[in-house]
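K.L.:
Here it is: the structure, laid out below.
The values are calculated or read from the model by the stated rules, or taken from the named source; none is laboratory data. Being a predicted model, the structure only gives us computed values, none of them experimental. Note that we place each Cβ from the backbone using ideal geometry, even for glycine, and neighbour counts take in every protein chain shown.
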Amino acid sequence: MKRIILPLICLAALSACQGQPDSVQSKLNAYATVEIGAQSFSGISDNGKQVLDYYKLVSSEVDNIYWDQSFGDKAALSKLPTNAQRVFALVNYGPWDRLDGSSFVEGYPERPLGANFYPADMTDAEFEALEDPDKLSPYTLIRRASDGSLKVVWYHDAYKESIDRIANYLHAAADYTILPSVRTYLLKKIDALRSDDYYQSDLAWIEMNDSKMDLIIGPSTTKDDRRYGIKASYEAYALLKNLQLSSVLSEYSAMIPELQRALPCPEEYKAFVPGTESNIFAFEALSYAGACNAGIKKIALNLPYDPKVQAEKGTRTALLNNVIREKFFKIILPAGRLLLEREQQQGLDVDAFFWNIAFREVAHGLGVKQTVNGKGSVQEALGSEALTLEEIKGDVVGVFLNLYLIRQGRVDRLVSREDAITTFITGLIRSSRFGNAEALGRANIICYNYLKEQGAFAHNASGLYHIDYDKAEAAIASLASEVLTLQATGDREGAAAFSAKYGTVGESLSQDFAAMQRAGIPTDVRFQFVW
């Protein structure tokens, strides 16, 4: 390790609680508490600080909307019998463990596949018979009318009171900002929230490059709709730009068309031309709210999801530097120290982790957005399989692109091929702990099993991982090609079969999970907001 390998972090305090009889307490202990929002605000004007205060108020209101989407009445969980249950319910935004979907509160069955987007008693036949085409919008709820039939309710109607408050906060922030681009974005976001039409606000967001702050808000990820993969969940991030890291990243924005051409798949599968205004920024996260704060915490994102905006303008990759570093040192590094043979532990590197994540998010904006055989968009064609495939694509295409640029000496020269692969595989093992209940965990399990089958790694006589770097690099390219092909052809049956074949936690991973639990290595983090 060339720069920053630290001694294995002592997690005795967490380990000490593992033996407590309260299983919920043990589940809670698996999330390491991390403070975020304590950054210096030097260089931020008084007007800017006032804008940030309104962003905080917006985030709180977004949280309220997401509670309704995820569970219902948050107050119903405030009287749970133990503190561990109450806190764990806040971590999961409901009485269900996000890692496996199981209930940890008596009286609640397993987490509904459709969250609170659909009536609990709705059948698939009823949904299919509903003739309103708006039922397929990401921004509508399905509810029962007074006669018991199904009806469609737009988000802006269902959450009108919260959206009105958010609009007031955004308008106040727009009045305080001194940057025209920020004002334009905030006002267009108000219009978007009140109409559920995000096209203009997405364009304005991509064009807003000159602000030291960012607010990402709205319904975006469909991870909570595990029934049909349609409905989007509200979330919000308040961010401060890391100007030094963003300057380093800026040169990669211009490479996005080249990276699209470099994908390991037939030419017709990469005909999509990303917009030329894509940008990549590093941020320090001040707060998460809503879907992004539920269960496993994102460390980066690539938005917007709208393929029309991606083609016209491009995407923004936002790397959340403080959260990336916290996860590396609290989880990735100790996991690698525990599971890898000593000689290969030198490849555990925080900068390799950063660049794998950076290109993972870039990868989400690449590939195809429309199937090549007339099946419509990738999302429409793949349905509930779409999100898992997209997560796999991000993982393997991201590290593929990192390796592509490392070979050319165009990434951090202190990051080697071995660093990128070692850190990537350790991350797969660690993230497979997220389980099959959500797409992110399922995608990591699939990647792990595919690479294992291809001989990318094996256990030595001591039971530690030994990585074959040549086979690993070939397997990464092969898996990237498989996933890009499934997306381009909209092969839902093939995607389901692929997921079924590789999406099972086997004995090897189970043993790794148990070893990490015994060592007190957290599964993920939960935030204590100090801003």
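K.L.:
How about the stretch 173-186: which of its residues are crowded, with 16+ Cβ neighbours inside 10 Å and in a helix (DSSP H, G or I)? Show your work before the answer.
P.N.:
First pass over the stretch 173-186, keeping only residues crowded, with 16+ Cβ neighbours inside 10 Å: 173-174, 176-177, 179, 182-186.
Selection gives Ala173, Ala174, Tyr176, Val182, Arg183, Thr184, Tyr185, Leu186.
K.L.:
Can you find a residue in the stretch 237-245 that is surrounded by fewer than 24 Cβ atoms within 10 Å (Cβ to Cβ), on the phi > 0 side of the Ramachandran plot and modelled with pLDDT under 95?
P.N.:
No: the stretch 237-245 contains no residue that is surrounded by fewer than 24 Cβ atoms within 10 Å (Cβ to Cβ), on the phi > 0 side of the Ramachandran plot and modelled with pLDDT under 95.
K.L.:
Kindly provide the set of residues from the stretch 335-361 that are over 21 Å from Arg407 (Cβ atoms), surrounded by fewer than 24 Cβ atoms within 10 Å (Cβ to Cβ) and not hydrophobic (A, V, I, L, M, F, W, C), ordered by number.
P.N.:
Arg337, Glu341, Arg342, Glu343, Gln345
K.L.:
Something else: Count, please, the residues in the stretch 31-89 that happen to be outside any helix (DSSP H, G or I), closer than 26 Å to Thr222 by Cβ and either free of Cβ contacts under 8 Å to residues at least 24 places away in the same chain or in contact with a helix residue (DSSP H, G or I) (Cβ under 9 Å, 6 or more places away or on another chain) (or both). Reasoning before the result, please.
P.N.:
Pass one, the stretch 31-89, residues outside any helix (DSSP H, G or I): 31-45, 71-73, 78-82.
Imposing the further condition that a residue be closer than 26 Å to Thr222 by Cβ reduces the set to 31, 36, 71-73.
Checking which are either free of Cβ contacts under 8 Å to residues at least 24 places away in the same chain or in contact with a helix residue (DSSP H, G or I) (Cβ under 9 Å, 6 or more places away or on another chain) (or both) leaves us with 31, 36, 71, 73.
So the count comes out to 4.
K.L.:
Any idea how many residues of the stretch 90-114 are of a type outside the set (A, V, I, L, M) and not in a loop (DSSP other than H, G, I, E, B)? Give the steps one after another, and end with the answer.
P.N.:
Residues of the stretch 90-114 of a type outside the set (A, V, I, L, M): 92-98, 100-104, 106-112, 114.
Remaining after also requiring not in a loop (DSSP other than H, G, I, E, B): 92, 96, 103.
Within the stretch 90-114, residues that are of a type outside the set (A, V, I, L, M) and not in a loop (DSSP other than H, G, I, E, B) number 3.
K.L.:
Let me ask something else about it. Any chance you could count how many residues in the stretch 247-276 are surrounded by fewer than 16 Cβ atoms within 10 Å (Cβ to Cβ) and assigned to a loop (DSSP other than H, G, I, E, B)? Even if it seems obvious, please write down each step before you answer.
P.N.:
Taking the stretch 247-276 and keeping what is surrounded by fewer than 16 Cβ atoms within 10 Å (Cβ to Cβ), we get 247-248, 250-251, 254, 257-258, 261-262, 266-268, 271, 273, 276.
The next check asks that each one be assigned to a loop (DSSP other than H, G, I, E, B); those that pass are 254, 262, 266, 271, 273, 276.
Total meeting the criteria: 6.
K.L.:
To continue, here is another question. Give the stretch 164-215 a look and list any residue that's free of Cβ contacts under 8 Å to residues at least 12 places away in the same chain and farther than 16 Å from Leu303 by Cα, or say none.
P.N.:
First pass over the stretch 164-215, keeping only residues free of Cβ contacts under 8 Å to residues at least 12 places away in the same chain: 164, 168, 175, 180, 183, 191, 197.
Matches in the stretch 164-215: Asp164, Asn168, Asp175, Pro180, Arg183, Asp191.
K.L.:
Which of the residues belonging to the stretch 39-58 are among the small types (Gly, Ala, Ser) and either surrounded by 13 or more Cβ atoms within 10 Å (Cβ to Cβ) or under 16 Å from Leu179 (Cα atoms) (or both)? If you could, list the steps in order and put the result at the bottom.
P.N.:
Our first condition is that a residue be among the small types (Gly, Ala, Ser); within the stretch 39-58, this holds for 40, 42-43, 45, 48.
Across the stretch 39-58, the qualifying residues are Gly43, Ser45, Gly48.
K.L.:
Further question: Considering only residues that are among the aliphatic types (A, V, I, L, M) and out of contact with any Ser or Thr (no Cβ under 9 Å at 6 or more places or on another chain), which ones fall in the stretch 287-318? Even if it seems obvious, please write down each step before you answer.
P.N.:
First, the residues of the stretch 287-318 that are among the aliphatic types (A, V, I, L, M): 289, 291, 294, 296, 299-301, 303, 309, 311, 318.
Matches in the stretch 287-318: Ile299, Ala311, Ala318.
K.L.:
Right, here's the next one. Across the stretch 143-170, what is the total count of residues that are surrounded by 15 or more Cβ atoms within 10 Å (Cβ to Cβ), farther than 16 Å from Asp68 by Cα and in contact with a strand residue (DSSP E or B) (Cβ under 7 Å, 6 or more places away or on another chain)?
P.N.:
3
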